[in-house]
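Working notes, beginning with the structure itself.
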6 protein chains.
Amino acid sequence: MNEILREKLATVSVATLATALFKRGLRNQVIQGVHPVRAKGRNMVGPAFTLRYIPAREDRNQLAEFRNPEHPQRVAVETCPPGHVLVMDSRKDPRAASAGDILVTRLMVRGVAGVVTDGGFRDAATIGTLDIPAYHSRPSSPTNLTLHEALDLNMPIGCGDVAVFPGDIVVGDDDCVIVIPQAIAEEVADEAVEMTAYEDFVVEQVKAGTPIIGLYPRTQERFTAEFAAWRQREKR
Amino acid sequence: MNEILREKLATVSVATLATALFKRGLRNQVIQGVHPVRAKGRNMVGPAFTLRYIPAREDRNQLAEFRNPEHPQRVAVETCPPGHVLVMDSRKDPRAASAGDILVTRLMVRGVAGVVTDGGFRDAATIGTLDIPAYHSRPSSPTNLTLHEALDLNMPIGCGDVAVFPGDIVVGDDDCVIVIPQAIAEEVADEAVEMTAYEDFVVEQVKAGTPIIGLYPRTQERFTAEFAAWRQREKR
Amino acid sequence: MNEILREKLATVSVATLATALFKRGLRNQVIQGVHPVRAKGRNMVGPAFTLRYIPAREDRNQLAEFRNPEHPQRVAVETCPPGHVLVMDSRKDPRAASAGDILVTRLMVRGVAGVVTDGGFRDAATIGTLDIPAYHSRPSSPTNLTLHEALDLNMPIGCGDVAVFPGDIVVGDDDCVIVIPQAIAEEVADEAVEMTAYEDFVVEQVKAGTPIIGLYPRTQERFTAEFAAWRQREKR
Amino acid sequence: MNEILREKLATVSVATLATALFKRGLRNQVIQGVHPVRAKGRNMVGPAFTLRYIPAREDRNQLAEFRNPEHPQRVAVETCPPGHVLVMDSRKDPRAASAGDILVTRLMVRGVAGVVTDGGFRDAATIGTLDIPAYHSRPSSPTNLTLHEALDLNMPIGCGDVAVFPGDIVVGDDDCVIVIPQAIAEEVADEAVEMTAYEDFVVEQVKAGTPIIGLYPRTQERFTAEFAAWRQREKR
Amino acid sequence: MNEILREKLATVSVATLATALFKRGLRNQVIQGVHPVRAKGRNMVGPAFTLRYIPAREDRNQLAEFRNPEHPQRVAVETCPPGHVLVMDSRKDPRAASAGDILVTRLMVRGVAGVVTDGGFRDAATIGTLDIPAYHSRPSSPTNLTLHEALDLNMPIGCGDVAVFPGDIVVGDDDCVIVIPQAIAEEVADEAVEMTAYEDFVVEQVKAGTPIIGLYPRTQERFTAEFAAWRQREKR
Amino acid sequence: MNEILREKLATVSVATLATALFKRGLRNQVIQGVHPVRAKGRNMVGPAFTLRYIPAREDRNQLAEFRNPEHPQRVAVETCPPGHVLVMDSRKDPRAASAGDILVTRLMVRGVAGVVTDGGFRDAATIGTLDIPAYHSRPSSPTNLTLHEALDLNMPIGCGDVAVFPGDIVVGDDDCVIVIPQAIAEEVADEAVEMTAYEDFVVEQVKAGTPIIGLYPRTQERFTAEFAAWRQREKR
């Protein structure tokens, strides 16, 4: 993705993006049941690179599997492109881990933009201290082999009841993660930047005592002029 | 509510209140599945003002609805009386937001005592920084229109499996939120203040090495005198 | 348990222990749905001492029950041996408390190593400040009598879908809690210490830019020598 | 509702109606988690008359409440108009009953078209033998007072995650129940009758060996003529 | 239990018993989430004999365990007294079986009155054809060893969120199962028989067109006389 | 699959197969949460042919999609080989349909051995009358487009928490469905046939009054001879 788009998406909230997608008839793009391992105070932004797990069958998922250099989880960690977000379909099952601190450290070192699972991470307390955004359902210490078999890379998946296609733009803030279809990412980002400017203006007004009716959404004419003045003043 | 009652309820825990209500046969007054967006280190206290959501139907819940100055969610935010707690029945569904930071900021500015939903807030990270207690199930970025239609104000509702009647006294601490029927709020508050004094005495004793049997609850006579002395000493 | 074993288990993560147990065919030893009331940055370690709750029947669970010096919850708090971990079977139901701050304070004063419930604690915010590790599902203010009858001590129980036999070794870190069968605790601890040394070496390598394939797990010969040198250097 | 509409809706399936509503952007009209107490082999059809329950508070919900001739549950049973469907919002909680066989018998005698709850019925085995369609989540013997307080009549409610407005047209078959907004009931019924004719034609074709691609949906021209001939032959 | 009590309880519904217990402050005696494997059209009645499962640990639950003549599940099946109901605490987990058709056949042959689990039975279709009432959550083919370790007999347990003490009287009908504390079983049975007489009278009245208000519950005086006449006529 | 294997598997229960797999360390092969749309009184047997759904995105899942002759759901129905079982990964979400009666009729006509989803079928009452075994979670009338996008065919999937690889042998009876890894299907079938013979002998013994201890499992020597005689007599 281009850096201008990335920068725009770094400045808007998932809530604002959700509303911009809602306007376009996309009601179901926020990954449900997932939160930051630790709040980073900055957005995660990047195209999706996916890893799919299916339920583990005991004979196929012994520890020796990890010795296979083609093990999809390990290959995912080494091939997810820098700047991308690794999104894992763990079937919303956090009873065993999707990954641990060593793999997430490797993703960080490789410049990956973030990592998301609808299951849980092991070593979550450590992952929270790393300089890479990570989102999951809850900490989960059992090895992924217990319940999850890593199967394939960069296929369309479900994650937290949301469809994720490789290349979709993934944005996470301190609340939630959202998936923006690639084809509309630019227009959604632009609209969200505009909406954010108005929302920031609104917050200032509300803190100063203005009631919300007529202001949010804007139905009173006077706020048009005041917002224009504010933008000029704030250079936004 | 009178300020003396408010002050009493500011000094007792939800756990103590739950026990005082349990004594009166009310076993089900703690709102289940709800916690502070961010711990405030002080109690939320106020009479309930309610907002009821029903499931959203797509044709009735487009963004244009918010332009209606009579939209019940917006009216709730402008009419919930200062000192009251806005309690929302979101049918325990946090997959879409019950409200966001702009509305909660407005509630704060208007002097509302707190806000509770059995769903989730969008902009939760921001709401956590505001000087108003807020309780929810989890952060939820999608606009409320996605799943919730705001329907009516100040009707009896359910919230987290608890009946909430307008005017019931709502108290929240860093753990939970409880609903006290209005008619017994005074006597429950008085009893809770007394219980709290004894509990504080007990904690001091336990920290000093006293076993709990006989002390909590008090069945050994000697603690009656010691507690009386403690109260005098502590001026409680 | 002997102090050497305790010290070993203080230095390894639950995730590493889970893998060591997985190797032995034990796939289900991490207590599901439980987390620290507040992260302590150190491990909880001790043999299990158990308390079993069954559903409360109203006529058997009035407040007067606590006046009985033989009430099993109170007896548990006074008889759980120092250095042990009190593990409670609350049937994964956090709608009423398993215990509160007074009892947990007493456990702390008595030198108990920690406390675990698959329900919830009341006064959880206070319990989080105590110098004793505590794990639960979520804060829960209602008194245990509302839903739980304390029934018997030191029987085998289930906790978070894991079998817990009295004397099993319980280890908790900032993510999760695991139960190690007593008979294999020594060998599992030894193996986990070895694994931890290698994992620490791996993290250092990964932070320095080494890919994980061949390194974790170790399938490339060169890492054998490098690890040996690292151990000597690090005196581990 | 007029009898022609009722007769049309008696001949189409809930699945077909769901597709007709989906075409109009209404994706969420099938009441989730509800099934017939006993399959009747015919449709339930009628306008919604609603009853709302909130969680029961013990002091307000003793058996004596039923002696009140204004008790909303009893008033609902006596005032729901003949030909209407009584729909109850039980907050998806079947742990206590929404109603029992005596009340449902009374509804039957009064000519009510059916009864739906997103909770459960007591005396369900008996209700299954009555000549009135009834839909619920599961049998539930405890009296409604245990968990549900009947609050108000003919308000908009949620039932099984669907918005139900009084007067909406409710249709149930042996699988599910659907809610059709009143304003579009005629056009939806007409479209469903047309769709049903084609589906019946398709089933006949498929049973005779025709592949579905091109037939369902109809994209091969030849089926247009064959369907026309079939309609003439079948007089539909 | 004496045969007169057994006969009384054979003629009343679980719903009626639930109301009689509700009057006595016992709100939580119906086993939640359990239904007949197949409706028998007659009541199951008998004192509870209990079996407790805890989560299975793999090393303790291999098939060889069943060769142990002291295996608690097998001992339960051979020692549950005739006329009693075997009630199993399976922790509401139906992912593996609580028992199968061979053991239930043995219970039938031995004259046991019925069998209840809050998990599931394997061979459920066959169990449904046996002449012994059986209640569970759903069919479940995996052997109990997969998830459940049979631990002890005739201890107080939880089953479907209800406390079950050995000797409590268990009654099941085609809807649900209820647990009556032993000490009040006689009085509850007597009251339920009386209530049932009135309910039968009410049903007859309602079928004849009488409104329920004033009749159920009886607040109009005239029904007192009519009921008395009906009892005489019906010899009840 | 060869017909001899098919015939063997037609005569054994899923419970027996689950035990045979449990002996081989495969504890998790029964599809959880799935039951027959209607009991057929005979087994479903066939190799798995899979269809994977991901969550639906509104812009990709309008009714027009079905006009695409390559729509994977429709292609699945036309290409699943006769004698195979179509297994669908619907992410355990029955809120929208996985398929309806027209498609299942087509599968029946084409000689497909059965159909399984961990979601729900629309037109389930009709599907129950067809001469093809079908298994689901519950009836669900909304079109699959509402929540499910059919994505790909004959990939490894999860279904009801079980891994399903194309070609695995799927067996369903009136209780449950199980997945047997292809490589061990023969040996598992053979063992299950042997086990079934013994179980049938045991049932006969138990019905005649023999206690189970020593008989099931067989630890008393005398049953070896008696079973041998029984087999000869029964020609099994």
| message | For segment B:113-144: of the residues being surrounded by fewer than 23 Cβ atoms within 10 Å (Cβ to Cβ) and among the aliphatic types (A, V, I, L, M), which is farthest from the other protein chains (Cβ to nearest Cβ)? | response | B:Ile132
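Kindly establish whether A:Glu191 is assigned to a helix (DSSP H, G or I), within 14 Å of chain B (Cβ to nearest Cβ) and not aromatic (Phe, Trp, Tyr).
yes
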| said: For segment D:34-68, which positions are within 14 Å of chain B (Cβ to nearest Cβ) and surrounded by fewer than 20 Cβ atoms within 10 Å (Cβ to Cβ)? | reply: D:Glu58, D:Asp59, D:Arg60, D:Gln62, D:Glu65
| request: Sort through A:Thr105, A:Thr79 and tell me the only one that's under 23 Å from A:Val164 (Cα atoms) and at pLDDT 95 or above. | output: A:Thr79
| task | Mind counting the residues in segment F:210-228 that are part of a loop (DSSP other than H, G, I, E, B) and farther than 25 Å from F:Arg24 by Cβ? | result | 6
| message | free of Cβ contacts under 8 Å to residues at least 60 places away in the same chain and in contact with a helix residue (DSSP H, G or I) (Cβ under 9 Å, 6 or more places away or on another chain): is that true of E:Ser13 in this structure? | response | no
| Selection count, segment A:221-236, where residues are surrounded by 13 or more Cβ atoms within 10 Å (Cβ to Cβ) and modelled with pLDDT under 95 | 1
| query | Pick from segment F:1-14 the residues that are under 12 Å from the mean Cα position of the chain (by Cα) and crowded, with 24+ Cβ neighbours inside 10 Å: which of them is nearest to F:Ile157 (Cα to Cα)? | reply | F:Val14
| note | Checking C:Val109, C:Val115 in turn, the sole residue that is under 29 Å from C:Ala189 (Cα atoms) and in contact with a Lys or Arg (Cβ under 8 Å, 6 or more places away or on another chain) turns out to be C:Val109
| query | Would you pick out the residues in segment A:166-188 that are in a helix (DSSP H, G or I) and either under 28 Å from B:Ser137 (Cα atoms) or in contact (Cβ under 8 Å) with a residue 12 or more places away in the chain (or both)? | reply | A:Gln182, A:Ile184, A:Ala185, A:Glu186, A:Val188
| Among the residues of segment B:200-209, is any within 10 Å of another protein chain (Cβ to nearest Cβ), assigned to a helix (DSSP H, G or I) and among the polar types (S, T, N, Q)? | yes
| remark: Residue set A:Arg138, A:Arg231; condition within 19 Å of A:Met44 (Cβ to Cβ), touching a helix residue (DSSP H, G or I) at 6+ places or on another chain (Cβ under 9 Å) and either not in a helix (DSSP H, G or I) or not hydrophobic (A, V, I, L, M, F, W, C) (or both); output residue A:Arg138
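Sort out which residues of segment C:25-49 are among the hydrophobic types (A, V, I, L, M, F, W, C) and in contact with a strand residue (DSSP E or B) (Cβ under 9 Å, 6 or more places away or on another chain), and write them in order of number. Lay out the reasoning, then the answer.
Residues of segment C:25-49 among the hydrophobic types (A, V, I, L, M, F, W, C): C:26, C:30-31, C:34, C:37, C:39, C:44-45, C:48-49.
Within segment C:25-49, C:Leu26, C:Val30, C:Ile31, C:Val34, C:Val37, C:Met44, C:Val45, C:Ala48, C:Phe49 meet the criteria.
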| said: Looking only at segment A:50-66, how many residues end up being charged (D, E, K, R) and without any contact (Cβ under 8 Å) to a residue 12 or more places away in the chain? | reply: 2
| note | Residue hits (segment A:151-179; buried (at least 24 other Cβ atoms within 10 Å of the Cβ) and either in contact with a Phe, Trp or Tyr (Cβ under 6 Å, 6 or more places away or on another chain) or modelled with pLDDT under 95 (or both)) are A:Gly172, A:Val177
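Please find, within segment D:24-33, the residue that is farthest from the other protein chains (Cβ to nearest Cβ) out of those that are in contact (Cβ under 8 Å) with a residue 24 or more places away in the chain and out of contact with any Ser or Thr (no Cβ under 9 Å at 6 or more places or on another chain). Working first, answer last.
Just the residues of segment D:24-33 that are in contact (Cβ under 8 Å) with a residue 24 or more places away in the chain, to begin with: D:24, D:26, D:28-33.
Those still in the list that are out of contact with any Ser or Thr (no Cβ under 9 Å at 6 or more places or on another chain) too: D:24, D:26, D:29, D:31.
Numbers: D:Arg24: 8, D:Leu26: 6, D:Gln29: 8, D:Ile31: 10 Å.
Looking at residues that are in contact (Cβ under 8 Å) with a residue 24 or more places away in the chain and out of contact with any Ser or Thr (no Cβ under 9 Å at 6 or more places or on another chain), I get D:Ile31.
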| message | Suppose the filter is part of a loop (DSSP other than H, G, I, E, B), of a type in the set (Gly, Ala, Ser) and away from chain A (no Cβ under 11 Å); does B:Gly158 pass it? | response | no
| query | When you scan segment B:1-117 for helices (runs of 4 or more DSSP H) that lie fully inside it, which ones turn up with 1 or more residues that are of a type outside the set (S, T, N, Q) and in contact with a Cys (Cβ under 7 Å, 6 or more places away or on another chain)? | reply | B:14-23, B:101-109
| said: So, in segment C:82-110, exactly how many residues are closer than 25 Å to B:Phe201 by Cα and not hydrophobic (A, V, I, L, M, F, W, C)? | reply: 7
| query | What's the number of the condition C:Lys235 fails, among (1) on the phi > 0 side of the Ramachandran plot; (2) charged (D, E, K, R); (3) at the interface with another protein chain (Cβ under 9 Å from one of its Cβ atoms)? | reply | (3)
| said: Of all residues being without any contact (Cβ under 8 Å) to a residue 24 or more places away in the chain and over 27 Å from A:Pro156 (Cα atoms) in segment F:69-112, which is surrounded by the most Cβ atoms within 10 Å (Cβ to Cβ)? Just the residue, please. | reply: F:Ile102
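The values are calculated or read from the model by the stated rules, or taken from the named source; none is laboratory data. Since this is a predicted model, take the numbers as computed values, not measurements. Note that each Cβ is placed from the backbone with ideal geometry, even for glycine, and that neighbours are counted across all protein chains shown.
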